[in-house]
Amino acid sequence: MKSLFSSELSKISFLSFIGILVGYQLGNIWLGLSIALGIYLISHLYYYRRLDEWLAKGGLVDKPFTNLFWSTIMDQVLRLLNQLRRDKVQLKSDLDYFQESFQAVQSGVVVVDTRGAIDWCNLASTHLLGIDLERDKRQPFHNIVRSPEVLTYLEARDFDKPLCIVSPCSLDLHLELQATTFRQNYTLIFARNITDVFKLETMRRDFAANISHELRTPLTVINGYLETLRDHSDDLPDMWLRAISQMLDQSHRMDSMVEDLIWLSRLEALPVQEDDLELVDLEGILNSVVNDALVLAVDKSIQIDIAMDQFNALDVSLTKPLQITGCYLELRSAFGNLVQNAVKYTPQNGQIQVQCFPRHDKLVVRVVDNGDGIDSLHIPRLTERFYRADASRTSSTGGTGLGLAIVKHILARHEAELDIKSEVGVGSQFSCLFPLEQLYRS
Ligand code: ADP
């Protein structure tokens, strides 16, 4: 380009020189110079027009005849145009590749634009979500998949967890929607068919609920006879007495297990009902669970305190009882399980503290003990049904292995989480983290 520039400069100088020479001959240098530069300018305008016409045809016809300067420019433009065309073909092929791979996916894939309208979807979305791309392109997604939960899910833009819905195409089709954002507010929605998992889960739930109900009656009969036998066992030999007492212990344990299973099935069966929600007096409920646990704690000389503090920084009236919105029975069961576990797994003369305080955007209800503690290896699995950190220890405490599973379920129903920290030989901390908005401010 630089040599082109210098050759063009030489051309102007040469033309100007000729112009000046001719002007000198004619007796007017300026006239000669102007005519020379005018010729130069007109020739460029002419070539520029040819370039313009050639570009209007997309540079697809043969290059028009021009001088070296314009021909070089045209070559460079042509090179750029060809590069652009190649990039476009590559881009189209990449796009086709991605669209074809999404078409091959068995889950529904939908791209929703910044206004919430459908931009693209794969074939699976037709039978899973009832979207017909030709018909529904540019339609709001929630107009096709009509459900208040979907609308709330997409509007909240909190896509950490998936959303389970019934397909708009069939009531027998259960879907898990998982959205994710890309390219400033575009949303990619995956719809996975989870009908089989849903059916299996329902079967498991029904089985657990039915079996526990069925076991209840025979167990009551067995318990009743064993208690009668124990009450009339004066003449029986010691060996029989021990056997009856052991049978009673085990049947009571089975009884608690069945009760816990029934409670867990009930929690799983229905989401928390509006009617069950009430304002629960925090101090009252904690006092009540501590009083229940004291029966066991007194035998082991364990001290239990309640500490409710740091609330004065909040916008709540401390002259009235602190209340949270929740289901009294469920919260009592959750806090009760934690306090009773603390008593079960804390040795003689131990100390337990039930703390309640606000921290950041959470209301924390924490049960702290200085008992046996739990190896960090077990902590992630503690809320699984029947999981025990130490099976031998648990059989002696008469635990059912369902307590923490119940706590986790109840907390999830209250939009709360369970946080467990523990160290072997030092003690454990079980914290229920409620959203602070659940604290009633009067
Ligand atoms: P369990 O009826 O066996 O107590 P949970 O579900 O309530 O069942 O607890 C599960 C396991 O977690 C227990 O078996 C025990 O090993 C451990 N665990 C629970 N709470 C404590 C605690 N406060 N200290 C030590 N271990 C605990």
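The values are calculated or read from the model by the stated rules, or taken from the named source; none is laboratory data. None of these values were measured; they are calculated from a predicted model. All Cβ positions, even for glycine, are placed from backbone atoms using ideal geometry, and neighbour counts span all protein chains on display. Just so you know, the surface numbers come from the protein's heavy atoms only, side chains and all, with ligands and any DNA or RNA stripped out. Shrake-Rupley method; radii C 1.70, N 1.55, O 1.52, S 1.80 Å.
Descriptive notes on the structure:
- FRET efficiency, 1/(1 + (r/R0)^6) with R0 22 Å, evaluated for residue 53 and residue 5 via beta carbons: 0.35
- Here segment 276-441 has 48 percent of its accessible surface on carbon and sulfur atoms, given a 1.4 Å probe and all protein chains in place.
- C-alpha long axis of helix 2-26 to longest principal axis of the chain, angle in °: 30
- Stretch in the chain that is longest and holds no chymotrypsin sites (Phe, Trp or Tyr not before Pro) that DSSP places in a loop and that have at most 14 other beta carbons within 10 Å: 66-385
- Gained length - residue 81 relative to residue 169, 0.36 nm times residue gap less alpha-carbon distance: 26.9 nm
- Evaluated with a Cβ-only charge set (Lys, Arg +1; Asp, Glu -1), segment 197-269 carries a dipole of roughly 420 debye about its Cα centre, given to the nearest 20.
- FRET efficiency, 1/(1 + (r/R0)^6) with R0 56 Å, evaluated for residue 269 and residue 229 via beta carbons: 0.95
- The trypsin sites (Lys or Arg not before Pro) found in segment 399-442 that occupy coil by DSSP, while having at most 16 further C-beta atoms within 10 Å, are 441.
- Residues 121, 169, ordered by accessible area of protein heavy atoms at a 1.4 angstrom probe radius and largest first, appear as 169, 121.
- Excluding ligands, DNA and RNA, the accessible surface per residue across segment 105-193 is 57 Å² with a 1.4 Å probe.
- Estimated [θ] at 222 nm from DSSP helical runs (n ≥ 4, -39500 (n - 2.57)) normalised by residues in the chain, nearest 500: -18000 deg cm²/dmol
- Shown for segment 2-92: the carbon plus sulfur share of the solvent-accessible area, taken with all protein chains present and a 1.4 angstrom probe, equals 70%.
- In segment 84-186, the trypsin sites (Lys or Arg not before Pro) that fall in loop regions by DSSP, at most 13 other Cβ within 10 Å: 115, 137, 138, 146, 157, 183
- Charge dipole (debye, nearest 20) of segment 229-301; +1 at Cβ of Lys and Arg, -1 at Cβ of Asp and Glu: 440
- Within the full protein context, the accessible area of residue 232 is estimated at about 140 Å² for a probe radius of 1.4 Å.
- Cut-off 12 Å between beta-carbons: net charge of the residues surrounding residue 362, Lys and Arg +1, Asp and Glu -1: -3
- Taking 235, 113, 196 as the candidate residues, the one with maximal mean-square fluctuation in a Gaussian network model of the chain, Cα springs under 10 Å, is 235.
- Between the beta carbons of residue 288 and residue 91, assuming R0 = 51 Å, the FRET efficiency works out to 0.15 to the nearest 0.05.
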